[in-house]
């Protein structure tokens, strides 16, 4: 699967499922969104109090378990960690905050464009510029350090939690919160959502699909392999949207989106900048977490906490735009991520 045909097939399946999940009940223009779905999980387990975005999304659990199953099957389940965990955690928090100011991860950004949401164009511009600037830091010596083999038990913890949360989704105990209105109350049947997540988790693990990595590789080594996957996502999601009448071009009135163009751009700039420093976009990091990379597990936890902070402190955008707190958080995040990157370069040159 780690070839051009495999990456195109992976993108095609993600694009098709992204469109179909909307048909089955997921929020409009949000068939799949790693950032939004992690945010919903954070709310469902009580980490934030935004009542309209609380749901245990089986898709994310499927990503983790699909990657875990195929990595075990193919002998690629390698448990490593120890690469600058605190820096990873902080960068991941700001990646999530940037995504929730834009209202979507890089994957949803492409799916939004395939649905006719022209606001996503500004997001793509910001994301690309963020990745390119982050890549310059990589060229100048930025690294979070090497990972080491760690206790194999550590690699089973996140898949185990995913199984537990899946049981909670099916049983629906009273201490798990489920939205009664808003995007959190719009979802496909759990078995369909889980199946889609497992399929994507398996294919993404085999193909290594990653939008941040795709732009980085295209810029650094002129390799278009990974970016072809996201072009494939766009094409097939566009086809599904046309078939089901879900293509609605324009800027205004798009579902779970806003027209605050500067903050669409800067939010995804922060997400792209942080993602390339982390070594992958939220989808890629979630897949890596499932296959035993405990550094990516730390990153995933950073996303979870970042989502909670974004909603508990009013940083996340809404359909009406971005508040002052969200704007401040994006600028502050860009500064903090830049400081981490510069200090890493300085330290690595002195070592």
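The values are calculated or read from the model by the stated rules, or taken from the named source; none is laboratory data. The model shown is predicted, which means the values in this text are computed figures rather than measured ones. In this analysis, Cβ positions are derived from the backbone assuming ideal geometry, glycine residues included, and neighbour counts consider all displayed protein chains.
Things to note:
- So residue 267, is it out of contact with any helix residue (DSSP H, G or I) (no Cβ under 9 Å at 6 or more places or on another chain) and either crowded, with 18+ Cβ neighbours inside 10 Å or at positive phi (or both): no
- Where residue 170 falls short, out of the listed (1) out of contact with any helix residue (DSSP H, G or I) (no Cβ under 7 Å at 6 or more places or on another chain); (2) free of Cβ contacts under 8 Å to residues at least 40 places away in the same chain: (1)
- Checking each residue of the stretch 196-215 against the condition of being crowded, with 17+ Cβ neighbours inside 10 Å, modelled with pLDDT of 95 or more and more than 18 Å from the chain's Cα centre (by Cα) gives no match.
- In the set 282, 255, only one residue is in contact with a strand residue (DSSP E or B) (Cβ under 9 Å, 6 or more places away or on another chain) and either touching a residue at least 40 places away in the same chain (Cβ under 8 Å) or within 28 Å of residue 139 (Cβ to Cβ) (or both); that residue is 255.
Quick grid of which residues meet (1) part of a loop (DSSP other than H, G, I, E, B); (2) surrounded by fewer than 24 Cβ atoms within 10 Å (Cβ to Cβ):
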site	(1), (2)
10	no, no
16	no, yes
23	no, yes
30	yes, yes
50	yes, yes
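- Selection status of residue 296, crowded, with 24+ Cβ neighbours inside 10 Å, under 20 Å from the mean Cα position of the chain (by Cα) and without any contact (Cβ under 8 Å) to a residue 24 or more places away in the chain: yes
- Set 64, 91, 86: member being free of Cβ contacts under 8 Å to residues at least 12 places away in the same chain and under 30 Å from residue 177 (Cβ atoms): 86
- Those residues of the stretch 82-123 which are within 23 Å of residue 306 (Cα to Cα) and in contact with a strand residue (DSSP E or B) (Cβ under 7 Å, 6 or more places away or on another chain), in sequence order: 82
- Odd one out for residue 83, checked against (1) modelled with pLDDT under 95; (2) crowded, with 21+ Cβ neighbours inside 10 Å: (2)
- Single residue of 310, 341, 289 found to be touching a residue at least 24 places away in the same chain (Cβ under 8 Å) and over 16 Å from the mean Cα position of the chain (by Cα): 341
- Complete set of residues in the stretch 124-157 that are crowded, with 19+ Cβ neighbours inside 10 Å and touching a strand residue (DSSP E or B) at 6+ places or on another chain (Cβ under 9 Å): 155
- Residue list for the stretch 64-86, filter: under 19 Å from residue 303 (Cβ atoms) and either touching a helix residue (DSSP H, G or I) at 6+ places or on another chain (Cβ under 7 Å) or outside any helix (DSSP H, G or I) (or both): 64, 65, 66, 67, 68, 81, 83, 84, 85
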